[in-house]
Amino acid sequence: MTTQTYKKRAVPTLGTLVVLLALTSLYCWWNTDVFGDDAYCDGQLASRDVGSVLDSAGRISAVTTQVGTGSERPEFRCAIERTSRFIGAQNQRLTLRTGTESGSFPFTTAVWKDPASRSYFKDGATGAVSGTGGYVVLPKACWGKVGAFQGSRIVVPDDGAVTTVEAAMDEGSADPAALARLLTGMAQKVATDAGCAKPAPPRPSALAAPSDPKDTNARAVCGLKDFSLPAATLHAGAAEPGTEQVNRATAHTWACDLALSGTSDARLSFAATTDPTTLEAVRNDSEAFDKLPGGKGSATTNQALLHCAKSDVYFAARWNPEYESLLMDRARRAGDPASTAVTLKQTTFQNFLDSTAASYGCPRAALSTE
């Protein structure tokens, strides 16, 4: 007689199925956007557009939302995040807002430091993005019509301000191309709501990425022939030629960021642009500029708007606070803190202009030493 052994098949019990269903539901709720909101920021941001920027694992949710009241107030500020309860997932948080800025803000302000590290729009709207944020400048017709939230109130723009739509990654990073699409989409909506959408700010066809950082040639800083930093602005062990990053990938904007080596953490940036919207924005906020002799343009200690062969060209330089402090200390030891520090910065900017102006067909501009 043959003995046969029968194995019992494991049949899931109802309790097991319930547990599996519960775990699957929790996974979908904690780690995906299944059954999430269709839109954010008071319905202005489609969930698919937000998801393309916040592209990690986790669930998307609104953190704060502020919008202007009535059709005549298109201002907004909203924060959105994607979070996961699973170990190893990257949390992301994005703040998107309308802003009012000075015309030179992309190149001279601390918030938008390191201009060479951003990818500029090659065409279309005026703007730039990186993995940590970006901006779009709205058309001139919108300037003065759109304000910004400051706390719970709306701040109306000054006469010299320009209107922007800005994004900041408060946590994590984003794909620059996805961020550019989101920003320009929101810029189009804001312009439409403000009644200034003609022409609407178009989306860029491509982004101009910066080069990789490299060592600085002290005699050809930023790759510019015969451009060097004045000896009086360098300090052994504290601020010496270190590394540089250059962005020259567009026909309209060039930028260079210098990270000096040494203990001071000094940084210095230079930029030049022929972008029409930026030029108009600078002209809109140029009260502090002094007229240059011979009708060559106007300038300050660290900015110049020159009348050149094919168009106007805007030049700028920016020192970070650590470098500013270092220059002030050196000036203090010389016995004339304010004027000497200003002179050191002006001499540096003059060297930059002398090394770049001719390549744009610009006249040599001698900055005032008064």
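Considering each residue of the stretch 199-216 in turn, at least one proves to be modelled with pLDDT of 95 or more and of a type in the set (Val, Ile, Thr). Selection of the stretch 195-233 for residues being among the hydrophobic types (A, V, I, L, M, F, W, C) and either free of Cβ contacts under 8 Å to residues at least 12 places away in the same chain or over 30 Å from Ala331 (Cα atoms) (or both) yields Cys196, Ala197, Ala200, Ala206, Leu207, Ala208, Ala209, Ala220, Ala231. From (1) within 18 Å of Thr273 (Cα to Cα); (2) in contact with a helix residue (DSSP H, G or I) (Cβ under 9 Å, 6 or more places away or on another chain), pick out the condition that doesn't hold for Thr109. All conditions pass for Thr109, except number (2). For the stretch 219-235, state whether one or more residues are among the β-branched types (Val, Ile, Thr), buried (at least 18 other Cβ atoms within 10 Å of the Cβ), at pLDDT 90 or above and not assigned by TED's automatic domain parsing to the domain that holds Ser286. No: zero hits. Looking at the structure I just gave you, is Arg118 of a type in the set (Lys, Arg), more than 16 Å from Lys189 (Cα to Cα) and at pLDDT below 95? No: the conditions fail for Arg118.
Matching residues to (1) assigned by TED's automatic domain parsing to the domain that holds Ala220; (2) in contact with a strand residue (DSSP E or B) (Cβ under 7 Å, 6 or more places away or on another chain); (3) under 19 Å from Pro106 (Cβ atoms):
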{"position": "Glu280", "(1), (2), (3)": "yes, no, yes"}
{"position": "Ala309", "(1), (2), (3)": "yes, no, no"}
{"position": "Asn320", "(1), (2), (3)": "yes, yes, yes"}
{"position": "Ala341", "(1), (2), (3)": "yes, no, no"}
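Listed by first and then second residue, the pairs with beta-carbon distance under 8 Å, at least 6 apart or on different chains, first residue in the stretch 325-348 and within 22 Å of Gln303 (Cα to Cα) and of a type in the set (A, V, I, L, M), second assigned to a loop (DSSP other than H, G, I, E, B) and at pLDDT 90 or above, are Leu326/Ala238; Leu326/Ser264; Leu326/Ala266; Val342/Thr301; Leu344/Pro230.
Report yes if some residue within the stretch 176-194 is touching a residue at least 24 places away in the same chain (Cβ under 8 Å), within 15 Å of the chain's Cα centre (by Cα) and part of a strand (DSSP E or B); otherwise report no. Checking the stretch 176-194: not a single residue is touching a residue at least 24 places away in the same chain (Cβ under 8 Å), within 15 Å of the chain's Cα centre (by Cα) and part of a strand (DSSP E or B).
Evaluate the following for Ser269: is it touching a Lys or Arg at 6+ places or on another chain (Cβ under 7 Å), modelled with pLDDT of 95 or more and not hydrophobic (A, V, I, L, M, F, W, C)? In short, yes.
The values are calculated or read from the model by the stated rules, or taken from the named source; none is laboratory data. Keep in mind the model is a prediction, meaning the values are calculated, not measured. Glycine also receives a Cβ, built like all others from the backbone with ideal geometry; neighbour counts cover every protein chain displayed.
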